[in-house]
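Every read-out reported here was derived from the displayed coordinates using simple, explicitly stated rules and does not represent laboratory data. Quick caveat: nothing in here was measured; it's all calculated off a predicted structure. Neighbour counts run over all protein chains shown; Cβ positions are idealised from the backbone, glycine included.
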Amino acid sequence: MFLRVKIRKEDRDSLRFLWRNNMHENPQEYRMTSLIFGAASSPCTAIYIKNRNASEFELEYPEACKAIRLDHYVDDFLKSFNSIEEARRVSKQVYEIHRKAAFELRGWASNEIEVLNEMPDTRNDDNVQLGATHELKTLGLQWDINDALVSISACGTRLLKYWKHRFHQQNDKSRVQSCPCSTRSV
């Protein structure tokens, strides 16, 4: 995501660096044209740009814009939906909003094959095995996409906190994210 955010020409002088191919050459001066990894300001700037881009589509895609602002963690999009139709609609809108800003989201995952079939980068991707047993890791959580089971690991032990029925009944991410704070000694 950082490399997709371009720096204004008048601000590029602050991102100058020297480079030489070998010790016998004089260094050459370069300027970065996009956000850099390792800069303390890069995540904040990227999030600001992501949200600013979403605001340009507020009238056209209000649900997707809200999801972009509230359900993104830098470039990870994590969202629970109440229906397959809602998941397909909002996910496609989120994808389209990001595509228009050259932020192409990849690596879509869902526990519903119908949703994955609708996403552009999963239709012809040999690496995506729809319906295969697969566990994904994101933001410190493990997610079994077939059983809709979310778990965490603590001290080398997997702690199962939210079962399939409970996860679907109370599908809000704050409950899952609060899991590490509410676990007790095992």
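Looking across region 1-60 at every residue that is assigned to a strand (DSSP E or B) and not charged (D, E, K, R), the one that is nearest to HIS98 (Cα to Cα) is identified as SER34. Scanning region 8-58 for residues that are among the hydrophobic types (A, V, I, L, M, F, W, C) and in contact with a helix residue (DSSP H, G or I) (Cβ under 9 Å, 6 or more places away or on another chain) yields a count of 9. The residue of region 104-113 that is nearest to LYS66 (Cα to Cα), among those that are in contact (Cβ under 8 Å) with a residue 24 or more places away in the chain and touching an Asp or Glu at 6+ places or on another chain (Cβ under 9 Å), is LEU105. Of all residues in region 74-86, exactly one satisfies the criterion of being among the β-branched types (Val, Ile, Thr) and in a helix (DSSP H, G or I), namely ILE84. For region 61-73, the tally of residues that are surrounded by fewer than 14 Cβ atoms within 10 Å (Cβ to Cβ) and part of a loop (DSSP other than H, G, I, E, B) stands at 0.
For region 47-103, taking the residues that are without any contact (Cβ under 8 Å) to a residue 40 or more places away in the chain and small (Gly, Ala, Ser), the one that is nearest to GLU114 (Cα to Cα) is identified as ALA87.
Of all residues in region 71-86, those that are farther than 23 Å from ILE47 by Cβ and polar (S, T, N, Q) total 2.
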